[in-house]
Amino acid sequence: MSYRNLDLSLLRTFSTVVESGSVTASARRLNVSQPAVSQQLRRLEELVQKPLFKATRRPSDLTSEGEILLGYCRAILRLNDEALSRFARPEVTGRIVLGSPDLYASFFLPDILADFGRAYPTVQIDLRCALTVPLLKDYAAGRMDLVLATQMPDNIPGRFLRAEPLHFVTGENSTAHSRSPLPLAMLPPGNLYRDHAIAALEAHGRPWRIACESESIAGLLASVQAGLAITVLTRPAVGAGLRICSGFDGVPALPSVDLVLYHEFSETNEPAGHLADYLITRLA
């Protein structure tokens, strides 16, 4: 009986193209040429004997077979990286204080922290959720080891991980996006998501009002799912019962924000350095 084996390098290229949405960006990240990326994608399609991409200009548009393979791909690569990390590291113990807004904590961190916990089972992680500004104050005061946050214009720059496009989001069965003035569910003043939303609506000439203000992403989502307002989220946070507003909904496009990591290497806190490596590898 003959067996076919999936090539990890092909899977990594496939995953990178889907995540970046660009063959050009993927070639830079993988340090190969654009034709090499395209050739690897064709080889992967030949290997699985299924088309993985729809006939559009966006390489992130997957066929149903491509979506299925992407799930397997991420699991295989995660296990590969976890296995190599587990055998390459010495035993590490200690405590890490990680700060993050609850939006990122809810939608970016669970899988990463789960994998880190399996690789470093004796490391304790204290996760503290708050808005970016108070988190950075605690970080500057030495009360945080790492902070995963949005780069704010007036704050010191963190290590850039990736750009996160913002989207107006409404409930699947909601009519909130069609009301005037447009009801918004927003974080308190000083938040970049809020600033970008209001600036875009003002430039678009769309009247608006704050219908719900909450420091918690759960409060914002409750308002949107109840049909009381629309909010601003990144794509990974758009879950069941929500949909991204399009131009047909009368709302403008929004810019991206920069996801950054604040961390300074310290020989006295080796675990924090390992977690920083995990975050950079998985999110950059």
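Numbers below:
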{"item": "Given (1) in contact (Cβ under 8 Å) with a residue 60 or more places away in the chain; (2) within 22 Å of ASN155 (Cα to Cα), index of the condition VAL251 fails", "result": "(2)"}
{"item": "ARG128 vs. criteria under 21 Å from the mean Cα position of the chain (by Cα), over 17 Å from LEU283 (Cβ atoms) and not aliphatic (A, V, I, L, M)", "result": "yes"}
{"item": "Members of segment 49-65 that are without any contact (Cβ under 8 Å) to a residue 40 or more places away in the chain and either surrounded by 16 or more Cβ atoms within 10 Å (Cβ to Cβ) or charged (D, E, K, R) (or both)", "result": "LYS50, LEU52, PHE53, LYS54, ARG57, ARG58, ASP61, GLU65"}
{"item": "Residue that is at pLDDT 90 or above, in a helix (DSSP H, G or I) and surrounded by fewer than 17 Cβ atoms within 10 Å (Cβ to Cβ), where the choices are ARG43, ARG74, ARG95", "result": "ARG43"}
{"item": "Residue that is nearest to ALA83 (Cα to Cα), among those in segment 5-40 that are among the small types (Gly, Ala, Ser) and assigned to a helix (DSSP H, G or I)", "result": "SER9"}
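A quick yes/no check of all residues on (1) in contact with a strand residue (DSSP E or B) (Cβ under 7 Å, 6 or more places away or on another chain); (2) surrounded by fewer than 19 Cβ atoms within 10 Å (Cβ to Cβ); (3) modelled with pLDDT of 90 or more:
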{"site": "LEU109", "(1), (2), (3)": "yes, no, yes"}
{"site": "ALA114", "(1), (2), (3)": "no, yes, yes"}
{"site": "PRO121", "(1), (2), (3)": "no, yes, no"}
{"site": "PRO134", "(1), (2), (3)": "no, yes, yes"}
{"site": "LYS137", "(1), (2), (3)": "no, yes, yes"}
{"site": "GLY142", "(1), (2), (3)": "no, yes, yes"}
{"site": "THR150", "(1), (2), (3)": "yes, no, yes"}
{"site": "ASP154", "(1), (2), (3)": "no, yes, no"}
{"site": "ALA163", "(1), (2), (3)": "yes, yes, yes"}
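Results for (1) touching a Phe, Trp or Tyr at 6+ places or on another chain (Cβ under 7 Å); (2) not small (Gly, Ala, Ser), shown as yes or no for each residue.
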{"residue": "MET144", "(1), (2)": "no, yes"}
{"residue": "VAL147", "(1), (2)": "yes, yes"}
{"residue": "ARG159", "(1), (2)": "no, yes"}
{"residue": "HIS167", "(1), (2)": "no, yes"}
{"residue": "ASP195", "(1), (2)": "no, yes"}
{"residue": "TRP208", "(1), (2)": "no, yes"}
{"residue": "GLY219", "(1), (2)": "no, no"}
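The values are calculated or read from the model by the stated rules, or taken from the named source; none is laboratory data. In this text the structure is predicted, and so the values were computed from the model without any measurement. So basically every Cβ, Gly included, is an ideal-geometry build from the backbone, and we count neighbours across all protein chains shown.
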